[in-house]
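The values are calculated or read from the model by the stated rules, or taken from the named source; none is laboratory data. Predicted, not measured: the structure shown is a model, and the values here were computed from it. FYI the Cβ positions are ideal-geometry reconstructions off the backbone, even for glycines, and counts take in every protein chain you see.
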Amino acid sequence: MSLDKWKSDEKLIARITRAIETGSVSHAYIIEGDNCVDKEAFALDFLKAVCCEERPGRGCDMCLSCRRIDHGNCEDLYIVRAEGAATKSVKDDAVFRLQENLKKKPAGPRNMAVICNADTMTRRAQNRLLKTLEEPNPGTVIILLSENRENLLDTIKSRCIFYRLSGGEETGGENLKEVNDLVDALIEGESFFQLKEMLSGCVKSREDAFRMLDGMERIYRNLLLNKDPRGKLLKKEDVFRGVELIEEARRDLIMNVNYNYALKNLMLKIGG
Ligand SMILES: [Zn+2]
């Protein structure tokens, strides 16, 4: 699909389209979004828009260049993913292979790379990547996908253009009632046993756990901004602490901690 389909990020898409049309595409981007947002799909749509000859700035889904990217057989595009059995991370040698690839002369106009889960890059991997970000070959575009860019070195962040994807309400809304009920129960000081029961009713997989955390974080941020009347029932510092604990639980999930354990731990800490 072309960039047109990312309707809830219309303003961002307009900026991207303008940058492509005026020839001011940067060599490095950080694209951040919640776990439920398909950031890799977005990155591919972005790169299609960069390379498309039929509809530059948007992507047409039809031309050879768009189709190659869609079908995963664009030889100028290199995708790096987190690896590892227990703890998934993007390691130094993966970035090394990426660099070797970016040295090749592209068949088309550009060399392109997508680093998925870039926020799991080891420190060594980040330092290695830094060299590429400092002196990229002309035309290179590197996209870092992340859920939490705070895990990236400042020197990396400062060399990338940052975009935050909202991903739209349609992906975040389906579990909102369950998340709301859970937050109500937390505010009302329900017992840990009760909270555990509620969790086991709606969280049956790691993906559910991520969605639950995304939903909770959204609610807690609204509590902080006084956009949610329940905020009056809580002390500001408790809400702050809640946001921190939710982020901690998300980090645990990314590090492959058992999702049941991570969420129960969160309930214990927030509730207690
Ligand atoms: Zn096209």
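Selection within segment 44-81: residues that are more than 15 Å from Ala19 (Cα to Cα), of a type outside the set (D, E, K, R) and crowded, with 19+ Cβ neighbours inside 10 Å. The member of this set that is farthest from the ligand (Cβ to nearest atom) is Val80. Of the numbered conditions (1) on the phi > 0 side of the Ramachandran plot; (2) buried (at least 18 other Cβ atoms within 10 Å of the Cβ), Gly84 fails exactly one; give the number of that condition. Unmet condition: (2). One residue is enough: does segment 70-87 have a residue meeting the conditions of a type outside the set (Val, Ile, Thr) and touching a Pro at 6+ places or on another chain (Cβ under 6 Å)? Within segment 70-87, one or more residues are of a type outside the set (Val, Ile, Thr) and touching a Pro at 6+ places or on another chain (Cβ under 6 Å). Listed by first and then second residue, the pairs with beta-carbon distance under 8 Å, at least 6 apart or on different chains, first residue in segment 50-74 and of a type in the set (Lys, Arg), second within 6 Å of the ligand (Cβ to nearest atom), are Arg58/Cys52. Is one or more of the residues making up segment 211-218 part of a helix (DSSP H, G or I), out of contact with any strand residue (DSSP E or B) (no Cβ under 7 Å at 6 or more places or on another chain) and more than 29 Å from Gly84 (Cβ to Cβ)? Yes, because at least one residue in segment 211-218 is part of a helix (DSSP H, G or I), out of contact with any strand residue (DSSP E or B) (no Cβ under 7 Å at 6 or more places or on another chain) and more than 29 Å from Gly84 (Cβ to Cβ).
If only residues of segment 249-272 that are β-branched (Val, Ile, Thr) and assigned to a helix (DSSP H, G or I) are counted, the one that is modelled with the highest pLDDT is Ile270. For segment 148-158, a tally of residues being within 18 Å of Glu217 (Cβ to Cβ) and modelled with pLDDT of 90 or more returns 1.
Number of residues in segment 194-210 that are farther than 12 Å from Leu253 by Cα, of a type outside the set (Lys, Arg) and either not assigned by TED's automatic domain parsing to the domain that holds Glu178 or not in a loop (DSSP other than H, G, I, E, B) (or both): the value is 8. The set of residues in segment 111-149 that are over 25 Å from Ile69 (Cβ atoms) and free of Cβ contacts under 8 Å to residues at least 12 places away in the same chain contains only Glu135.
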